Amino acid sequence: MNAPAPLSPRALYQDVAERLRQQIFARQLEPGSWIDELKLCAELGISRTPLREALKVLAAEGLVTMKVRRGAYVTEVSRDDVRQVYHVLALLESDAAAQVAAHADDSARAELRALHEQLESQLRDRDAFFATNERFHLALLRLAGNRWAEQVALDLRKVMKLNRHHSLFKRGRLAESLAEHRELMAAIVGGDAEAAARLMREHFSHGLAAAEQSG
């Protein structure tokens, strides 16, 4: 019997999905716009099969909406969508903050502290602040040890990037967010699970208010 061919470490459709994902985040593919499959296939030099597999991946993440016999378009998020995403993330991440505050070891706290220190140094660089802020929140979820919550939050954070009115766009919100992170870090380092959960809920509440005002 012939040995099976070795699996590729990353299938073509995954590379295509990542390329489209980044185009969506960069607004090269605008929310609400239909995806021209023939044009994309020509641009990427691929057949329609890997493109359609990639679109299924993005649809599962909520970034793309597929219509039977009509194709796919980049998902648009409504105000209600944004509120719902913030609500679920607040639930997941407040629980994670409590878990980390109660159980994290010195190594975990050091990892979060290092990310927080990066935020402190990036207050005048919004793009860098965005990226490190997301890394901090995802690290907190990972350190809490619930991989299901981590996966749901990761997908929801992708959907958040579709929102034209991100909370950190509001003038002064970066400084407010950083101050909230300082309080959260103090609660985590101090092992105060109740305070960490409350502060994370407040952090998302303030973020939602800022996002709605910036819209």
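The residue pairs whose first member lies in the stretch 107-135 and is closer than 20 Å to ILE188 by Cβ and free of Cβ contacts under 8 Å to residues at least 40 places away in the same chain, whose second member is open to solvent by 70 Å² or more (accessible area, probe 1.4 Å) and of a type in the set (Ser, Thr, Tyr), and whose beta carbons are closer than 8 Å, counting only pairs six or more residues apart or on different chains, do not exist in this structure.
Could you list, in sequence order, the residues of the stretch 146-195 that are at pLDDT below 85 and open to solvent by 50 Å² or more (accessible area, probe 1.4 Å)? Those that are at pLDDT below 85 and open to solvent by 50 Å² or more (accessible area, probe 1.4 Å): LYS161, ARG164, HIS165, PHE169, LYS170, ARG171.
Residue by residue through the stretch 73-111, note down the ones that are hydroxyl-bearing (Ser, Thr, Tyr), open to solvent by 50 Å² or more (accessible area, probe 1.4 Å) and over 30 Å from ALA54 (Cα atoms). The one that is hydroxyl-bearing (Ser, Thr, Tyr), open to solvent by 50 Å² or more (accessible area, probe 1.4 Å) and over 30 Å from ALA54 (Cα atoms): SER107. Inspect all residues belonging to the stretch 48-55 and state whether any of them is buried (at least 18 other Cβ atoms within 10 Å of the Cβ), out of contact with any Ser or Thr (no Cβ under 6 Å at 6 or more places or on another chain) and polar (S, T, N, Q). No. Where helices (runs of 4 or more DSSP H) sit wholly within the stretch 26-105, those with at least 2 residues that are within 24 Å of ALA195 (Cβ to Cβ) and in contact with a Gly (Cβ under 8 Å, 6 or more places away or on another chain) occupy 79-103.
Of all residues in the stretch 112-123, those satisfying the criterion of being in a helix (DSSP H, G or I) and either of a type in the set (Val, Ile, Thr) or surrounded by 17 or more Cβ atoms within 10 Å (Cβ to Cβ) (or both) are LEU112, LEU115, HIS116, LEU119.
Selection of the stretch 196-215 for residues being modelled with pLDDT of 95 or more and of a type in the set (A, V, I, L, M, F, W, C) yields ALA196, ALA197, LEU199, MET200, PHE204. Select from the stretch 196-215 the residues that are within 16 Å of LEU141 (Cα to Cα) and within 18 Å of the chain's Cα centre (by Cα) and write down the one among them that is surrounded by the most Cβ atoms within 10 Å (Cβ to Cβ). This residue is MET200. If I filter the stretch 13-34 for residues that are open to solvent by less than 60 Å² (accessible area, probe 1.4 Å) and farther than 22 Å from LEU156 by Cα, do I get at least one hit? For the stretch 13-34, residues open to solvent by less than 60 Å² (accessible area, probe 1.4 Å) and farther than 22 Å from LEU156 by Cα: absent.
Determine whether ALA110 is out of contact with any Phe, Trp or Tyr (no Cβ under 7 Å at 6 or more places or on another chain) and modelled with pLDDT of 95 or more. So ALA110 passes the test.
The values are calculated or read from the model by the stated rules, or taken from the named source; none is laboratory data. What you see is a predicted model; the values in this text were computed from it and never measured. Neighbour counts run over all protein chains shown; Cβ positions are idealised from the backbone, glycine included. Remember, those area values only see protein heavy atoms, side chains included, never the ligands or the DNA or RNA. Shrake-Rupley method; radii C 1.70, N 1.55, O 1.52, S 1.80 Å.
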